[in-house]
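Chemist: Got a structure here, written out as structure tokens. Questions coming.
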Amino acid sequence: MDGATGQHGNSDLVDPFARAITYLRVSVTDRCDFRCVYCMAEDMTFLPKADILTLEELDRLCGAFVRMGVRKLRLTGGEPLVRRNVMSLVRSLGGHIRTGALDELTLTTNGSQLARYADELFDAGVRRINVSLDTLDPTLFTALTRWGKLDQVLAGLDAAKKAGLAVKINAVALKGANEGELDRLVAWTGEQGFDLVLIEVMPMGDIGGEARLDQYLPLSLVRARLAEKWTLDETDYRTGGPARYFTVRETGRRLGFITPLTHNFCESCNRVRLTCTGTLYMCLGQEDAADLRAPLRASADDGLLDQAILAAIARKPKGHDFIIDRRSSGPAVGRHMSVTGG
Ligand code: SAM
Ligand code: SF4
């Protein structure tokens, strides 16, 4: 495999629909210090520790993807920053930025540990992060995250800004919960100099009690409401992901909408997802997966691993088919978002 390949469209990883796979999302742990109501049940059962790849194994797997053409890596979870010694992985992956093999190393975090890690992340080569924050109301924040403290996340965001990290806030739009507050989030992210992405709740994983139908708030409605107050200018800005972006004229910041349920974004999909057990999901909304842990552990050189990765990419499906309606109120996909990392 030629280590110099990998500019977009020049990857070894091209799927049956001629999409170059240049973006790998890696869930480094399924554990988390929060229990967000749309993501986890309160009494979550986590993966047995023995099944979880070591940080060295995750590093080697990511290295194989980078060598084969991946240009962007996102660490996620669970909460990536609660994995013990996670910074050793971040620093090692940052080495691919310095050699030019990787364009971007980033992470999605709940922000609870950012005050501690922001400077180190920047030093390792991270320049942008996504921080999930659904509300600025401390009481609602604790209700939605069950275990989270808003102050801690706000302190983390301050540290990220001071460290020089660009921040994008992810907020899941939830009917009857934060729906009246989305306008405030637009104003606040504008003041802070953060971009904002609103996410439609997805039917993933059994979250116990909370019915999906009750949470689902179509973003078409949210957008129409926001447009009464803010001037939303269309942009052609894309991150290679499913978000559709506008510029809020009054704040100058970007506002994105991720609408997996009402809008099909699969044609331009450039990504695959790796779990902390070495399972590769070729599509967020499909069950098909490839085990990379066995070939990884079977030999110290990467021959078997490379073959397994190529075989998996050759089965990447065309798209997904999430449905929330009255006939199918159970999860469309049984695994939790905290396993695949969103
Ligand atoms: N713990 C980190 C965090 O919260 O940012 C990273 C992992 S979390 C699973 C990644 C993203 O998925 C978060 O922005 C979260 O809000 C979102 N998410 C979790 N469950 C979801 C669901 N059922 N529908 C839509 N988004 C979801
Ligand atoms: Fe944890 Fe993120 Fe899931 Fe919330 S959304 S429970 S912070 S993994």
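Chemist: Give the residues of the stretch 76-132 that are more than 20 Å from Asp151 (Cβ to Cβ), touching a helix residue (DSSP H, G or I) at 6+ places or on another chain (Cβ under 7 Å) and of a type in the set (S, T, N, Q), sorted by residue number.
Modeler: Those that are more than 20 Å from Asp151 (Cβ to Cβ), touching a helix residue (DSSP H, G or I) at 6+ places or on another chain (Cβ under 7 Å) and of a type in the set (S, T, N, Q): Asn85, Ser88, Ser92.
Chemist: Just checking, how many residues over the stretch 279-294 are among the hydrophobic types (A, V, I, L, M, F, W, C), open to solvent by 10 Å² or more (accessible area, probe 1.4 Å) and within 16 Å of His320 (Cβ to Cβ)?
Modeler: Qualifying residue count for the region: 3.
Chemist: Examine the stretch 50-59 for a residue that is modelled with pLDDT under 95 and more than 16 Å from ligand 2 (Cβ to nearest atom), and state whether such a residue exists.
Modeler: Step one: filter the stretch 50-59 for residues modelled with pLDDT under 95, giving 50-51.
Within this subset, residues satisfying the condition of being more than 16 Å from ligand 2 (Cβ to nearest atom) are 50-51.
So far as the stretch 50-59 goes, yes, one or more of its residues are modelled with pLDDT under 95 and more than 16 Å from ligand 2 (Cβ to nearest atom).
Chemist: I've got another one for you. Would you confirm, using the coordinates I've provided, whether Ala64 is open to solvent by less than 40 Å² (accessible area, probe 1.4 Å) and not in a helix (DSSP H, G or I)?
Modeler: On the way: open to solvent by less than 40 Å² (accessible area, probe 1.4 Å): yes; not in a helix (DSSP H, G or I): no.
Criteria not met by Ala64.
Chemist: Scanning the stretch 295-327 for residues that are loosely packed, with under 13 Cβ neighbours inside 10 Å and outside any loop (DSSP other than H, G, I, E, B), which turns out modelled with the lowest pLDDT?
Modeler: The selected residue is Asp325.
Chemist: Further question: Being assigned to a helix (DSSP H, G or I), hydrophobic (A, V, I, L, M, F, W, C) and within 21 Å of the chain's Cα centre (by Cα) is the filter here, so list the residues in the stretch 49-61 that pass it.
Modeler: Within the stretch 49-61, Leu55, Leu58, Leu61 qualify.
Chemist: Can I ask one more? Test Gly95 against the criterion of being closer than 24 Å to Arg19 by Cα, outside any loop (DSSP other than H, G, I, E, B) and not polar (S, T, N, Q), and give yes or no.
Modeler: When the stated conditions are applied, Gly95 does not pass them.
Chemist: Return the only residue of Asp134, Asp43, Asp33 being crowded, with 18+ Cβ neighbours inside 10 Å and in a loop (DSSP other than H, G, I, E, B).
Modeler: Only one candidate passes the filter, namely Asp134.
Chemist: Anything in the stretch 88-108 that is within 22 Å of Cys269 (Cα to Cα) and either more than 16 Å from ligand 1 (Cβ to nearest atom) or hydroxyl-bearing (Ser, Thr, Tyr) (or both)? List them, or say none. Steps first, answer last, please.
Modeler: Taking the stretch 88-108 as the starting set, the residues that turn out to be within 22 Å of Cys269 (Cα to Cα) are 101-108.
Across the stretch 88-108, the qualifying residues are Ala101, Leu102, Asp103, Glu104, Thr106, Thr108.
Chemist: Restricting attention to the stretch 178-196, report how many residues are touching a Ser or Thr at 6+ places or on another chain (Cβ under 6 Å) and part of a helix (DSSP H, G or I).
Modeler: 2
Chemist: Follow-up. Among the residues of the stretch 101-116, is any over 22 Å from Lys316 (Cβ atoms), open to solvent by 10 Å² or more (accessible area, probe 1.4 Å) and among the β-branched types (Val, Ile, Thr)?
Modeler: No, there is no match, as no residue in the stretch 101-116 is over 22 Å from Lys316 (Cβ atoms), open to solvent by 10 Å² or more (accessible area, probe 1.4 Å) and among the β-branched types (Val, Ile, Thr).
Chemist: If you scan the stretch 65-87, which residues turn out to be away from ligand 1 (no atom under 12 Å from the Cβ) and touching a residue at least 60 places away in the same chain (Cβ under 8 Å)? Steps first, please.
Modeler: Initial filter on the stretch 65-87 (away from ligand 1 (no atom under 12 Å from the Cβ)): 65-73, 84-87.
Passing the criteria: Phe65, Val66, Arg67, Met68, Gly69, Val70, Arg71, Lys72.
Chemist: A follow-up question, please. Picking from Lys175, Lys161, Lys149, which residue would you name as being farther than 24 Å from Thr29 by Cβ and out of contact with any strand residue (DSSP E or B) (no Cβ under 9 Å at 6 or more places or on another chain)?
Modeler: On inspection, the qualifying residue turns out to be Lys175.
Chemist: Scan the stretch 137-186 for residues that are surrounded by fewer than 16 Cβ atoms within 10 Å (Cβ to Cβ) and of a type in the set (Phe, Trp, Tyr) and report the count.
Modeler: Residues flagged as surrounded by fewer than 16 Cβ atoms within 10 Å (Cβ to Cβ) and of a type in the set (Phe, Trp, Tyr) within the stretch 137-186 amount to 1.
Chemist: Considering the stretch 76-118 alone, what residues qualify as being away from ligand 2 (no atom under 15 Å from the Cβ) and at positive phi?
Modeler: Answer for the stretch 76-118, where residues must be away from ligand 2 (no atom under 15 Å from the Cβ) and at positive phi: Asn85, Gly100.
The values are calculated or read from the model by the stated rules, or taken from the named source; none is laboratory data. Computed from a predicted structure; not experimentally measured. Note that we place each Cβ from the backbone using ideal geometry, even for glycine, and neighbour counts take in every protein chain shown. Keep in mind that these areas ignore ligands, DNA and RNA; they rest on the heavy atoms of the full protein, side chains included. Shrake-Rupley method; radii C 1.70, N 1.55, O 1.52, S 1.80 Å.
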